[in-house]
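The values are calculated or read from the model by the stated rules, or taken from the named source; none is laboratory data. On a predicted model such as this, the values are computed, not experimentally measured, just so you know. Neighbour counts are summed over all protein chains in view; Cβ atoms, including those assigned to glycine, are modelled from backbone coordinates with ideal geometry.
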């Protein structure tokens, strides 16, 4: 047996058992993107410039979308970009601009409870990683077969096996929406009955409008 | 090797379209606007009816000094034009122009979602530019951009969802393939909502409140000069191509038409796209700019309800015919 063919047989054997020591290109890419995403997330929470934090959040969420793509979940990846990068971050930036986020570092951008935050973050990450690893211990995605994360497959499993959680979630979101409307109307009712004689303070009024 | 060559050729074709079509639309805009206003437009550059005017403009932009204001956030300021422009290049990749397999840069399974998601990212460029310029007019422009995007993203998504429901697929080639002529009256409300919301997302007149030149100079792009400014302009015209191409593919049947299936489909797509681009220019010449409150009102009280009506209509007809 020539060395080349020996190497070939070991490679196929490793691919057959999915050895951790001979990763495929996709796995390496997944790992690299994961490291980059983690780095962007770290910068998001440590940077002292508010708008930079929002933009690093874009990089983080985009990196997550790439991870979904590498896991063949195409639909989820695009929805991630559409909802989080396209809407949530735009809303964040809108809020930051409305409050005139300064260019350069904001000295009060640091919170006093960073250790508590770190503890909670590590605990949450630990719980999630433990659950996912426990659930999908030896599951491998078959890349050569039909895509397991296409829109059709996702839709079918969502509306066939997961309808109840899906509907429960939508009711939850509806509740949040109604709650937000109620709160904003309450704030409006508070601001309108100002006595005619007393001038309103511009600063406080602007703050309330920002909160709405 | 053959596969790699194929991919390279497709990417090259899309890139050439991306570089030339916006220029053609720009030159058409010069000429059409001029004739609608009773003048001639550019006549000298290049000799024949000023056809090289935009090339001359490009040379001029490239020669100008690239200024970054002292107070600006340097890196974000310089990055913003690229963030505004690149999404449109990505969207062009997935728009099918003909019925065959090879008539699309890259077929994407969830095409509609890809297109809308990536177009939303382009607006981040304007927001970055508005904030990083350290200029109050730029900041106002950025704020208006964000408010406009938040208002018009929803009706656009709903209209696109309606046509996806009708076709039973979210892939762009799939939707065009499923098109029948009677979809035109059936989806006409959705088509109008989609086109109007798309115009607003591109900040084209009459929805150009974020760059209103008589109020806030040029909005988020006030501080930009030279090539970076040219990139923002290019993004606007590439956006027109993308919006018109998408409306064609989703609502006007793309390559469908006489002899469309036997090889002339790409011509139909181009003709429909060009007609829509003409409408975009026409609207710019004819309509005055909407005020900020009118703009928000139009979206929330007209377009969103209309889009919901269209979705209901689509659902009812879909259930009846199946």
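Within the set A:184, A:204, A:170, A:157, the sole residue that is more than 22 Å from residue A:98 (Cα to Cα) and modelled with pLDDT under 90 turns out to be A:157. Condition check for residue B:138 on (1) more than 24 Å from the chain's Cα centre (by Cα); (2) surrounded by 15 or more Cβ atoms within 10 Å (Cβ to Cβ); (3) touching a residue at least 24 places away in the same chain (Cβ under 8 Å): one failure, at (1).
Of the helices (runs of 4 or more DSSP H) that lie entirely inside region A:54-150, those containing 1 or more residues that are closer than 29 Å to residue A:27 by Cα and away from chain B (no Cβ under 14 Å) span A:114-135. Every condition in (1) more than 14 Å from chain A (Cβ to nearest Cβ); (2) within 29 Å of residue B:77 (Cα to Cα); (3) in contact (Cβ under 8 Å) with a residue 40 or more places away in the chain holds for residue B:201 except the one numbered (1).
Exactly one residue out of B:90, B:85 is modelled with pLDDT of 85 or more and within 12 Å of chain A (Cβ to nearest Cβ): that is B:90. Scanning region B:95-105 for any residue that is assigned to a helix (DSSP H, G or I) and at pLDDT 85 or above turns up nothing.
The rows are residues; the columns are (1) crowded, with 22+ Cβ neighbours inside 10 Å; (2) within 10 Å of chain A (Cβ to nearest Cβ); (3) under 23 Å from the mean Cα position of the chain (by Cα); (4) more than 18 Å from residue B:121 (Cα to Cα).
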site: B:133; (1), (2), (3), (4): yes, yes, no, yes
site: B:148; (1), (2), (3), (4): yes, no, yes, no
site: B:162; (1), (2), (3), (4): yes, no, yes, yes
site: B:182; (1), (2), (3), (4): no, no, no, yes
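A residue that is modelled with pLDDT of 85 or more, away from every other protein chain (no Cβ under 13 Å), part of a loop (DSSP other than H, G, I, E, B) and under 19 Å from residue B:230 (Cα atoms) occurs nowhere in region B:45-61.
Scanning region A:37-52 for residues that are surrounded by 15 or more Cβ atoms within 10 Å (Cβ to Cβ), assigned to a helix (DSSP H, G or I) and over 14 Å from the mean Cα position of the chain (by Cα) yields A:43, A:50, A:51, A:52. If you go through region B:93-117 and pick out every residue that is farther than 17 Å from residue B:178 by Cα and at the interface with chain A (Cβ under 7 Å from one of its Cβ atoms), you end up with 4. Of the listed requirements (1) at pLDDT 85 or above; (2) within 12 Å of chain A (Cβ to nearest Cβ), residue B:78 misses just one: (2). Before we move on, is residue A:177 at pLDDT 80 or above and either in contact with a strand residue (DSSP E or B) (Cβ under 8 Å, 6 or more places away or on another chain) or surrounded by 11 or more Cβ atoms within 10 Å (Cβ to Cβ) (or both)? Taking the combined requirement at face value, the residue does not satisfy it. Determine whether region B:276-298 contains at least one residue that is out of contact with any helix residue (DSSP H, G or I) (no Cβ under 6 Å at 6 or more places or on another chain), surrounded by 15 or more Cβ atoms within 10 Å (Cβ to Cβ) and not in a helix (DSSP H, G or I). Yes, region B:276-298 has at least one match. Evaluate region B:204-223: report whether one residue or more is assigned to a helix (DSSP H, G or I) and within 27 Å of residue B:94 (Cα to Cα). No; the residues of region B:204-223 include none that is assigned to a helix (DSSP H, G or I) and within 27 Å of residue B:94 (Cα to Cα). Scanning region A:68-81 for residues that are surrounded by fewer than 23 Cβ atoms within 10 Å (Cβ to Cβ) and within 23 Å of residue B:152 (Cβ to Cβ) turns up A:79, A:80. Residue A:101 passes every criterion in (1) crowded, with 17+ Cβ neighbours inside 10 Å; (2) modelled with pLDDT of 80 or more apart from (2). Among the criteria (1) in a loop (DSSP other than H, G, I, E, B); (2) touching a residue at least 12 places away in the same chain (Cβ under 8 Å); (3) within 14 Å of chain A (Cβ to nearest Cβ), the one residue B:169 does not fulfil is (2). Tallying residues that are at pLDDT below 85 and more than 30 Å from residue A:153 (Cβ to Cβ) within region B:152-172 yields 0. If you check B:234, B:246 for being touching a residue at least 40 places away in the same chain (Cβ under 8 Å) and surrounded by fewer than 24 Cβ atoms within 10 Å (Cβ to Cβ), only one passes: B:234.
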